[in-house]
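None of the figures in this text is laboratory data; all of them are computed from the coordinates on show. Not measured: the values here are computed from a predicted model. Counting neighbours? That spans all protein chains shown, and the Cβs are built from the backbone with ideal geometry, glycine included.
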Amino acid sequence: MDKKTFLNIISSRVLLMDGATGTELQRKKYLDNVKIPEELNIKFPEKIKEIYNSYIQAGSNIILANTFGLNPMKLKESNLLEKADAIFEAGISIIRTLSSDVIVAGDISSLGVYIEPLGTLSFNEAYKSFSFQASLLNKYGVDIIVIETITEIKELKAAILATKDNFDGPIIAQMTFLQDGTTVTGTDLQSFIVMAESLGVDVLGLNCSIGSRDLAKLIKFVCANTNLPISFKPNAGMPILINNETIFPESKNEFVESSLKAYSYGVNILGGCCGTTPDFILELSKRLKNKRPIIRNNKSKYFLSTRTLSFDISSLKKPIFVGERINPTNRKKLQLELSQNNLSSIIYEARTQVKSGAQVLDVNVGVPNIDEVKLLKNAVNKIQEMVSVPICIDSSNILALEEAMKNCAGKPIINSVNGDISKLNTILPLIKRYGAMVIALTTDEHGIPKTSEERLQIAGNIIKLVDKYKINRHNVIFDYLVLAISASKTQALETLHAMKLSKQLYPECSLILGISNISFGLPSRQILNSTFLKMAIESGLDFAILDPYTDWSIDNILARNLLLNKSENAILQYMQSFNKQHVEYNLAKTNGSKHLSPNTQLYNAIIYGDDDGIIDLIQQIITNNSGDCNHFQKISSCIINALNVVGERFASRQYFLPQIIMSAKVAQLAFATVKNILKKDTILSLGTIIIATVKGDIHDIGKNIVGAVFESYGFDVIDMGINVDPYSIIKKAKQINPIAIGLSALMTTTMPEMKTVIHLRNLSQIKTKVIIGGAAVTKQYSIDIGADAYAKDAMEAVIHIKSFMKIPKK
């Protein structure tokens, strides 16, 4: 089905997706004797056919093929990779045999592994995995593809790009949110909308995680902030366990009531996720099928975004400050550090610039004879986990630009392109592909034009190609270039004149300038820079590339006279005045970390997740205290205190999972460094923990997160995987005598296996503690079955482990 046909359909009538497949299969006990649910497609096709048909009979217009988890990693784990074609083909063709009227949707979901730096998977590996799924869905003829139940924004990006590259039909992108409107990795609703829109999906929506009433509140925000068609697929509430039976607490009437609210907000496609049944869809069909969707006509907004932050460019006070200090030009120390792959100064500059008011960070690591592709990618990954502001990726290396764009967890700015046609034809396709904004310099292969008219001519040539590549003009930021006033006294006027005309000719496009170029070669530069900034704002400036540490409140009459070229001797008057007064305007830079004690530097490094220089720092602490035999105890105390602060920030929602993982990795590196220096084998590991998803349960994302955090805190983790038999868990515990066994279960049907593990633990008389968690697990349930602790998330699990070991919280 082509995009135009599908979009015409959903603009004229509401469509209904199916309801839950996984919980229906579990409810009917159809998952026995299969390794993964998708194996039913070839092993017991009549069972999946029954599920499909029940939803068709209930009134579903769209049926999702049973391909949810068919990525190559999980197929390989299940020894089913060689049967991939057969499983995909069967899952799709069964729907075709049942009805020629329904829309057949390919289903793609999370890989279950985070992309670096949160996990070990590279962006390119994730892209390759999603490409595998999308290509087979395309091969066997799905009408549309639904990407769903995604919690991490970079994974969504990889999935969308891979699907678009392998499938020409309509794409629906759905993410999963908590009740507060954020994902587990901190992405908010608006940042999701920005990413999905900028990458060119056809429909965006929400599914899973929470019940229909709570999800309807979130979808109201989505409907008010995009004009794209919207899909809505809530759970029937969060599952609870009653008499060892899984119950989804929402009734079909409650589900329908919330779905009707979602429809009233402007949703185009409705369906159900976990716990919903054909009866839910039947009741929804009676109320909504073939109704016309509510027309939404929201005012267009144009955003930059990160994993956890987005802002509408038009709503901010102008200009938006772009911090310029992550740039090695004329900075020998930074050049040396970058040549050694040392990012410590870059991280420091990122944090301090943001504290000083930078709203965007320009990132340039261009040093001769380095691997810029690798270094720029690493810098982008590191910076965006340290600060929340958007990134301006600054490079002339096309390969480095693309790799950085892939790894950017939001919508960035690209710095830059110019009027050279060959460069435009190279970079503009990347801008379109990755949905970025781009700075367009009004120069070309002939150099910087002297007049405003010539610069505007180049801007016109750029716009022609922007339109050719179907890039929204709002994604273009023109730079009419600042030249030193000391070299050409009319250049400030030419730049300001071009800016004013540009606002008339290309009102959709923003304007940016590198402010400090204006004062090159003159004294008291900041007086001139700040005054010029004021004049540029008056001419329509939207973004200013500058040093945020400095004072930008200055507006000086002598500087204005010089910039406006009011007299022949204006430059002489300016220089004489400020030389006579001996005025020195310091840049007000912070003193930096050199005045802090090494212990304080270590403490801060862990809080901010900065691992650069940790090895040298540990060595310095030990050297400074050479007469003290309690090195490890003191360093350990510093690390634990810092991690406690990180945990408190996580609890108060100041930090999200990315910051937790980054800080914990620094702590682990610090412990490992102390061990290496002091030659003590017992320092690195704080003990061993077994983790497992219980028998009958194949969900492992939550378990994997907890395991990663445990390891980062210095524990050895034995991950026994998914669907683990209770006897195997206890057998392993007897062999290695761990501190604790961590058990995970997503479904209430598998929660009783936790009780079995605890029963076997008690019979075996081993002293290992048992801690349990998972979406359906509650603290009360942990008490009922005799677990030693319940953890709602990874950080709470760490707190319990520390209490088992009697490690103080502070």
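Miscellaneous remarks
- A DSSP coil position with no more than 14 other Cβ atoms inside 10 Å describes the following trypsin sites (Lys or Arg not before Pro) in segment 254-306: Lys291, Lys299.
- Prolate/oblate/rounded call for segment 320-421, Cα gyration tensor, a/c under 1.5 rounded: rounded
- For the chain, calculated [θ]222 nm from helices alone, where every DSSP H run of n ≥ 4 adds -39500 (n - 2.57): -14500 deg cm²/dmol
- Ranking Asn517, Ile485, Leu428 by Cα position along the charge dipole of segment 311-578, where only Lys, Arg, Asp and Glu carry charges on their C-beta atoms, puts Leu428 farthest toward the positive end.
- Dipole magnitude of the chain about its Cα centre (Cβ charges: Lys, Arg +1; Asp, Glu -1), debye to nearest 20: 1080
- Derived scalar couplings between HN and Hα for segment 20-25 equal 5, 9, x, 6, 5, 4 Hz in order, rounded to whole Hz, by the Karplus curve 6.51 cos²θ - 1.76 cosθ + 1.60 (θ = phi - 60°), x for Gly and Pro.
- Helices meeting the span-like rule in the chain (full DSSP H runs, Cα extent of at least 27 Å along the helix axis, mean Kyte-Doolittle score of 0.0 or higher): 631-651, 657-678.
- Packing, taken as the mean count of other beta carbons within 10 Å per residue, orders the peptides 240-246, 145-151 from highest to lowest as 145-151, 240-246.
- Cβ charges +1 (Lys, Arg) and -1 (Asp, Glu), total dipole of segment 598-805, debye: 580
- Listed residue pairs exceeding 31 Å between alpha carbons, taken from Lys301/Lys332; Lys318/Lys464; Lys83/Lys164; Lys406/Lys450; Lys164/Lys318; Lys217/Lys382: Lys301/Lys332; Lys406/Lys450; Lys164/Lys318; Lys217/Lys382
- Across the chain, the mean sequence separation of Cα contacts (distance under 8 Å, 6 or more residues apart), normalised by length, yields a relative contact order of 8 percent.
- Longest to shortest principal axis, alpha-carbon extents of segment 598-805, angstrom: 56, 37, 24
- Among the GluC sites (Glu not before Pro) found in segment 445-532, those both in a DSSP coil and sparsely packed, with 16 or fewer other Cβ atoms within 10 Å of their Cβ, are Glu445, Glu508.
- Anisotropy class of segment 401-445 from Cα gyration tensor, a/c 1.5 cut: prolate
- What you get for segment 3-288, charging only the Cβ of Lys and Arg (+1) and of Asp and Glu (-1), is a dipole of about 380 debye around the Cα centre.
- Relative packing of 198-208, 665-675, which averages over residues the other C-beta atoms within 10 Å, highest first: 198-208, 665-675
- Distance (nanometres) between label positions extended 7 Å along Cα→Cβ at Gln457 and Asn79: 7.2
- For segment 164-244: Kirkwood Rh in Å [reciprocal of mean 1/r, alpha carbons]: 13.5
- On a per residue basis, the convex hull of the C-alpha atoms belonging to segment 311-578 measures out at 126 Å³.
- Of the peptides 36-42, 787-793, 178-184, the ranking by mean beta-carbon count within 10 Å, highest at the top, reads 36-42, 787-793, 178-184.
- Between Leu596 and Ser315, the modelled label-to-label distance comes to 3.3 nm, taking each label 7 Å out from Cα in the direction of the beta carbon.
- Annotation: extensible slack from Ser567 through Ala487 equals 27.2 nm (criterion: 0.36 nm per residue apart, minus Cα-Cα distance).
- Segment 3-288: Rg to Rh, with Rh as the Kirkwood radius over Cα pairs: 0.93
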